[in-house]
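All remarks here apply to the structure that follows.
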Amino acid sequence: MKVHNKLGNGFQEVIYQRCLGIELFRAGLKFGKEVEQKIFYDDIHVGTRRVDFIVDGKVIVELKAVINLEDVHLAQAKNYVVAYDFPIGLLINFGATSLQFKKIYNKKYNEQNL
């Protein structure tokens, strides 16, 4: 919220990513930025994707800077959470006039334990 409140909408995703990294650092959170993750199909490595952030080793954060979140953005974030076997994810859109965000759960994990 702090990043969106200070910058508003209209910047490229990379600007929001850098600013969020600053805020995560200031908050004392452990995180990795643009972490490369392997994609497997039937236990065969088929490629890699980069996750915007992995926070505290258990939360994937995917950023967008679009006018409005679409189903495809939510599907991408859900796929990352499942494919990378993380319990939870957060999809954040800085491009709208009001900050948009969606919390995503991996059904493999019990939501009550998150």
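Taken together, the values in this text are just the output of simple stated rules run on the coordinates, not laboratory data. All of these numbers come straight from a predicted model, not from anything done at the bench. Methodologically, a virtual Cβ is constructed for each residue, glycine included, from the backbone with ideal geometry; neighbour enumeration extends over all protein chains shown.
So which trypsin sites (Lys or Arg not before Pro) in the stretch 24-67 end up in coil per DSSP with only 10 or fewer other C-beta atoms within 10 Å?
Passing sites in the stretch 24-67 are LYS30.
Nearest 10 degrees is fine. How inclined is helix 13-26 to the longest principal axis of the chain, computing both from alpha carbons?
90 degrees
If you compute Cα extents along the principal axes in Å for the structure shown, which of [x] 35, 34, 28; [y] 44, 32, 23; [z] 44, 31, 29 do you land on?
So the calculated entry is the one marked [z].
With respect to the cross-link table entries LYS6/LYS64; LYS6/LYS108; LYS6/LYS38, which display a Cα-Cα separation exceeding 28 Å?
LYS6/LYS108; LYS6/LYS38
Students often get this wrong, so check it: of LYS33/LYS107; LYS33/LYS78; LYS58/LYS103; LYS2/LYS107, which have C-alpha atoms separated by over 23 Å?
LYS33/LYS107; LYS2/LYS107
Rounded to the nearest 500 deg cm²/dmol, what is the calculated helix-only ellipticity per residue at 222 nm for the chain, with -39500 (n - 2.57) per DSSP H run of length n ≥ 4?
The helix contribution divided over the chain gives -9000 deg cm²/dmol.
Counting Lys and Arg as +1 and Asp and Glu as -1, what is the net charge of the other residues whose Cβ lies under 14 Å from the Cβ of ASN93?
Taking every Cβ under 14 Å from that of ASN93, the sum is -2.
In nanometres, what is the gap between the two model label sites at MET1 and LYS102, each 7 Å from Cα along Cα-to-Cβ?
2.2 nm
Note the full-extension length gain between GLN76 and ASP42 as 0.36 nm times their separation in residues minus their Cα-Cα distance, in nm to one decimal. Don't skip to the end; give the middle numbers.
On the way: separation 34, 0.36 × 34 = 12.24 nm, distance 1.95 nm.
So the extension gain works out to 10.3 nm.
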